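Please treat every number below as a calculation from the coordinates, not as lab data. None of these values were measured; they are calculated from a predicted model. Virtual Cβ from ideal backbone geometry, glycine too; neighbours counted across all protein chains shown.
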């Protein structure tokens with residue numbers, strides 16, 4: 001490759017571009033203003049001949065920078081993906097001809113729009129470098145599984161059977177976790193009618209027989225450091241010995257602890273032995289082993305059992321769980337069957353407020369009804385356990401009356417509490433160089449942002465429920481099972497399989513120096529100009545993935561393999577020293593400057609749209625695809641995440657005469673849709689302060705708008721743009737235009 | 001309390017659900033109700049009932065024997081089958097309602113004043129007498145259900161229609177004195193008696 005920069009621009013005439021636009025004029029602009037050494041028009045650029053033309057120029061003409069002026073960068077990525085050169089795309093199809101009316105009046109503005117996109121594409125590419133992969137990558141492909149319950153064992157087996165080595169660490173003296181304490185499990189196969197054996201011992205045997213899995217019992221993780229492909233983990237045994245192990249990825253399956261029923265004294269727990277929680281009943285059932293369960297207090301016969309659902313769950317009381325644990329209705333159904341199967345004469349009543357039987361639980365529910373288990377809807381207010389057995393005060397919500405029930409045994413359906421270690425938002429973090437082991441922590445990470453994974457709500461680990469389950473905010477560490485959200489064994493096994501695949505993906509990506517989800521395969525990585533850094537720490541604090549640590553001299557230390565390439569650090573940096581090879585303050589800033597700014601009295605405003613490439617930009621493209629029209633004064637630039645938007649872009653835009661700026665990012669908050677979790681939230685916060693800057697410039701705050709846009713907002717995106725165009729018309733032109 | 005009722009109470013003690021399962025037509029479906037309330041919401045006569053089918057099922061499970069069997073709710077069912085069509089658990093709700101009504105009647109504790117029950121009784125007596133319904137006597141019995149005065153009142157209201165039907169040959173006045181029944185009325189009566197006995201024996205009624 002030649003050292004010198006040589007830009008080539010290719011203008012496509014296909015898909016109607018040639019009919020709607022004067023491509024010869026665009027070519028002239030690329031040559032003159034875009035400084036392109038080679039400019040070619042082609043009637044069908046993405047066909048074999050078009051692609052070969054470009055490749056030939058790269059091979060024999062020494063072209064290093066390619067600007068493809070055709071369709072959106074989201075289309076034809078394979079055809080226009082050239083190795084070892086920087087490539088930019090000017091979106092003339094979705095962004096121009098498909099979003100503008102096809103008539104003579106519109107022709108002038110459409111042509112101006114296309115000309116600007118050519119200028120922007122050339123400006124962008126001239127500040128890009130072809131990315132080479134991250135040089136600091138590791139290639140360890142062994143996978144650590146933390147937790148040896150159903151989830152951990154499933155993950156270990158799945159990983160091992162795919163051909164990767166596994167280290168399984170369990171804090172107890174045996175594998176099996178909570179599932180090993182069950183007498184039977186709820187059914188996981190047709191006909192979903194009877195409780196089944198748990199299968200835990202078979203699974204333990206399979207783990208022990210698998211040569212790729214090494215198991216470390218009675219052990220905890222006392223230090224985790226490194227990055228995907230190169231984690232270094234201290235595994236400390238109860239005996240006191242510590243081994244340092246190297247792994248490429250980590251699956252955290254640390255499971256749950258049953259809610260402490262001692263907090264439920266109004267439900268009689270702890271007052272006499274005839275009131276048990278679900279785990280307590282499993283213990284009784286395991287002891288009885290299929291024979292009738294005797295009354296714990298006196299060994300007497302049990303004639304009536306009452307199950308109280310949502311005990312200390314779905315509650316707004318202090319110290320109780322606000323959520324539904326998802327498995328308890330099915331578990332109570334299963335436990336009622338323990339009694340009915342041993343003796344159909346035993347009266348079993350399940351008191352519920354809402355019966356929730358996920359998965360194939362509905363069949364199981366029906367099976368219990370057939371067996372004669374009684375279900376009654378209502379709320380239990382108190383359990384009187386002063387003598388053996390109990391009296392239950394119950395409000396029947398169907399018959400609308402207060403009832404008192406006698407029972408020989410009461411089972412409280414309590415919930416799951418996630419074993420997610422320390423809450424890093426609550427616990428003060430160790431200073432660099434003074435790191436200590438925490439006994440409460442699961443992973444004991446030496447990351448600057450804290451020892452464990454960030455929580456989302458109720459102590460469960462942050463891991464997007466729908467869009468990217470298992471993904472966490474620590475690259476290369478995947479969580480699964482009840483630590484992620486409350487769940488039953490079937491769901492936990494599915495979760496484990498998903499996390500296993502994610503872990504395998506990440507070690508494969510890491511050894512090639514590529515990014516993990518969602519910019520999977522991205523070869524670029526962040527670099528920073530150390531001499532410009534003021535050690536403000538903003539990047540270390542704001543990185544949604546905790547990728548950036550601090551070195552001894554308090555400079556940021558980019559662990560590139562942990563980086564997801566969102567650019568949030570770039571947007572955070574007040575002195576603009578952080579950049580990526582193909583995405584930087586300049587690649588966007590120069591696009592903003594490249595737009596030809598009409599004079600104030602031309603009555604042609606310019607509106608800048610900075611759109612998240614994950615959701616908002618696709619929505620814009622689809623608006624074009626659906627031929628939804630929007631203002632021709634718009635110039636849209638995709639950004640990796642709204643978190644990467646530097647406020648300098650906004651002030652530059654305002655200073656250079658743009659009349660309005662729209663930022664489009666993903667939904668933030670607890671039910672976020674941001675692919676980088678915190679990016680859009682941070683951007684929103686930063687933009688809330690932009691008003692002051694505008695005021696200093698004597699400009700109206702309404703000229704900058706931030707919107708949450710989902711990928712489905714195809715109708716809404718043009719409306720947002722047109723609303724801004726109307727607003728600009730109302731406010732008048734930006735007075736900075738002529739300076 | 002009738003003797004039949006006392007006997008059944010003794011047999012099932014407090015387990016009304018078991019009693020319903022054993023003795024009421026389609027009664028073994030009651031336990032399968034999941035209390036979604038779709039039947040209650042679908043019933044076009046919902047407002048006229050004291051208890052919706054959903055409530056009736058819940059009351060059975062709660063052992064409210066007296067309240068259920070003496071209620072007039074199940075007598076209000078018009079057999080539109082809306083609930084059966086909509087029940088997500090596919091309970092034959094209409095049939096259960098009729099089963100419950102019939103069972104309460106059989107035990108002799110059914111709601112006394114309910115007009116549906118009384119009409120049903122009149123119809124049954126009429127149709128089993130000769131093995132074929134006599135429309136004229138059926139109507140007259142129905143008119144005079146509540147006594148002579150109200151019977152004459154209703155009769156006078158219906159005079160116009162009665163004459164019209166007479167003219168067009170839709171009403172045979174001779175049926176008042178001579179109704180043509182089936183050939184073997186005696187055989188029918190014997191058959192019904194036997195069936196009644198068999199049912200009583202099977203369900204343990206003291207007949």
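Here each label is just a point 7 Å from Cα along the line to Cβ, and for residue A:430 and residue A:596 those points are 6.1 nm apart. In segment A:87-206, the inverse of the mean reciprocal separation of distinct Cα atoms equals 20.6 Å; this is its Kirkwood hydrodynamic radius.
Note on segment A:145-204: Cα Rg divided by 2.2 N^0.38 Å, N the number of residues, gives 1.23. Taking one quarter of the surface of the C-alpha convex hull of segment A:437-520 gives a mean projected area of 6.3 nm².
Which FRET efficiency value, to the nearest 0.05, is calculated for residue A:354 and residue A:627 with the Förster distance at 56 angstrom and r the Cβ-Cβ distance? That pair, residue A:354 with residue A:627, gives E of 0.75.
With angles folded into 0 to 90 degrees, how steeply does helix A:585-594 sit against the dominant principal axis of chain A? Use alpha carbons for both and round to 10. The angle comes out near 40 degrees. The smallest convex shape that holds all Cα atoms of segment A:87-142, its convex hull, gives 93 Å³ per residue. Peptide A:387-398 is shielded by partner chain Cβ atoms: per residue, an average of 1 of them sit within 10 Å of its Cβ. Approximating the spin labels as points 7 Å out from Cα along Cα→Cβ, the residue A:362-to-residue B:175 distance works out to 4.9 nm. Scaling the Cα radius of gyration of segment B:12-112 by the globular reference 2.2 N^0.38 Å produces a ratio of 0.96. Counting only alpha carbon atoms, the long axis of helix A:23-32 and the longest principal axis of chain A meet at about 80°. Please give the direction-averaged projected area of the C-alpha convex hull for segment B:115-179, in square nanometres with one decimal. Mean projected area of the Cα convex hull: 4.7 nm². Ranked by how many other Cβ atoms sit within 10 Å of their own Cβ, fewest first, the residues A:554, B:86 fall in the order A:554, B:86.
Taking the square roots of five times each eigenvalue of the Cα gyration tensor of segment A:1-130, the equivalent ellipsoid has semi-axes of 24, 15, 12 Å, listed largest first. Taking every Cα-Cα distance in segment A:229-285 and sorting them into 5 Å bins from zero, the calculated P(r) comes out as 4, 13, 14, 13, 9, 7, 9, 13, 9, 6, 1 percent.
Averaged over peptide A:152-161, the number of partner chain Cβ atoms lying within 10 Å of each residue's Cβ comes to 0.
All Cα-Cα distances of segment A:356-454, cut into 10 Å bins from zero to the largest, leave 12, 24, 19, 14, 20, 10, 1 percent in each bin in turn. Label-to-label distance, residue A:22 versus residue A:467, with points set 7 angstrom from Cα along the beta-carbon direction: 4.3 nm. Once the Cα atoms are used to define both axes, helix A:104-126 deviates from the longest principal axis of chain A by about 80 degrees. Taking the inverse of the mean 1/r over every pair of distinct Cα atoms in segment A:185-313 gives a Kirkwood hydrodynamic radius of 19.3 Å. The packing ranking of peptides A:514-523, A:478-487, B:180-189, highest mean first, is A:478-487, A:514-523, B:180-189, where packing means the average number of other beta carbon atoms within 10 angstrom of each residue. Ranked by the mean number of other Cβ atoms within 10 Å per residue, highest first, peptides A:592-603, A:360-371 order as A:360-371, A:592-603.
Counting Cβ atoms of other protein chains within 10 Å of each residue's Cβ and taking the mean over peptide B:60-67 gives 2.
At an R0 of 45 angstrom, the distance between the Cβ atoms of residue A:217 and residue A:194 translates into a FRET efficiency of 0.85.
Each Cα pair under 8 Å and six or more residues apart adds its separation to the average, and for segment A:1-130 the resulting relative contact order is 31 percent.
The orientation-averaged projected area of the convex hull spanned by the Cα atoms of the protein assembly as shown comes to 57.6 nm². Using C-alpha pairs below 8 Å separated by at least 6 residues, the relative contact order for chain A is 13 percent. Only helices enter this figure: runs of n ≥ 4 DSSP H residues, each worth -39500 (n - 2.57), summed and divided by the residues of the protein assembly as shown, yield -10500 deg cm²/dmol at 222 nm to the nearest 500. Mind checking the log10 I(q)/I(0) for segment A:538-579 at q = 0.21, 0.35 Å⁻¹? Debye, one equal scatterer per Cα, no solvent, two decimals. One equal scatterer on each Cα of segment A:538-579 leads to -0.59, -1.40. The coefficient of translational diffusion for chain B, derived via Stokes-Einstein from the alpha carbon Kirkwood radius under 20 °C and 1.002 mPa s, stands at 111 µm²/s.
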